[in-house]
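Engineer: Can you read through this structure? Questions will come right after.
The values are calculated or read from the model by the stated rules, or taken from the named source; none is laboratory data. Because the structure is a prediction, the values reported are computed rather than measured. For neighbour counting, all protein chains shown are included, and Cβ atoms are generated from backbone atoms with ideal geometry for every residue, glycine included.
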């Protein structure tokens with residue numbers, strides 16, 4: 001997918017646990033983060049990895065960064081105000097039907113609580129919502 005879509009940046013789960021929110025760190029999330037990170041670097045840019053992709057016309061590609069979410073706080077170095085995209089986040093999270101039964105409140109309330117706490121923790125004004133990432137430069 002990296003060679004096909006040719007992204008500038010890739011967003012994925014962190015392969016490292018955040019022990020403050022261990023309940024959000026299922027083994028499949030951690031494995032996904034590790035697999036995506038390996039796909040971006042070194043695999044997608046390595047002309048000798050997956051020669052069959054080159055034969056299909058998918059040349060090596062260098063995404064310049066990977067944005068990891070959910071990892072340890074000490075690794076998080078980018079705060080993003082996501083207040084304006086809350087409706088899209090609610091729709092996306094609501095699509096995960098198997099996860100909704102675990103929520104104490106509705107999807108929007110859960111997101112507002114979690115993202116609002118993140119915003120406050122990182123000094124954003126009251127009423128703002130934020131996510132934090134560890135941005136890995138892969139160039």
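Engineer: Quick check: anything in segment 80-93 out of contact with any strand residue (DSSP E or B) (no Cβ under 9 Å at 6 or more places or on another chain), surrounded by fewer than 15 Cβ atoms within 10 Å (Cβ to Cβ) and closer than 17 Å to residue 24 by Cβ?
Structural biologist: Yes, that holds for at least one residue.
Engineer: I'm trying to understand the selection: among the residues of segment 3-42, which are touching a residue at least 24 places away in the same chain (Cβ under 8 Å), part of a helix (DSSP H, G or I) and over 22 Å from residue 75 (Cβ atoms)?
Structural biologist: Scanning segment 3-42 gives 3, 4.
Engineer: Something else: Exactly one of these conditions fails for residue 116: (1) closer than 18 Å to residue 69 by Cβ; (2) modelled with pLDDT under 95. Give me its number.
Structural biologist: So residue 116 meets the others, but not (2).
Engineer: Helices (runs of 4 or more DSSP H) wholly in segment 65-139 with at least 2 residues that are without any contact (Cβ under 8 Å) to a residue 60 or more places away in the chain and within 17 Å of residue 21 (Cα to Cα) - which ones?
Structural biologist: By residue number, 107-121.
Engineer: Here is a follow-up. Of the residues in segment 63-89, how many are in contact with a helix residue (DSSP H, G or I) (Cβ under 7 Å, 6 or more places away or on another chain), at pLDDT below 95 and closer than 25 Å to residue 2 by Cα?
Structural biologist: 2
Engineer: Something else about it: Quick one: is residue 49 under 15 Å from the mean Cα position of the chain (by Cα) and either in a loop (DSSP other than H, G, I, E, B) or at negative phi (or both)?
Structural biologist: When the stated conditions are applied, residue 49 does not pass them.
Engineer: Is it the case that some residue within segment 95-107 is farther than 17 Å from residue 29 by Cβ and at pLDDT 90 or above?
Structural biologist: There is no residue in segment 95-107 that is farther than 17 Å from residue 29 by Cβ and at pLDDT 90 or above.
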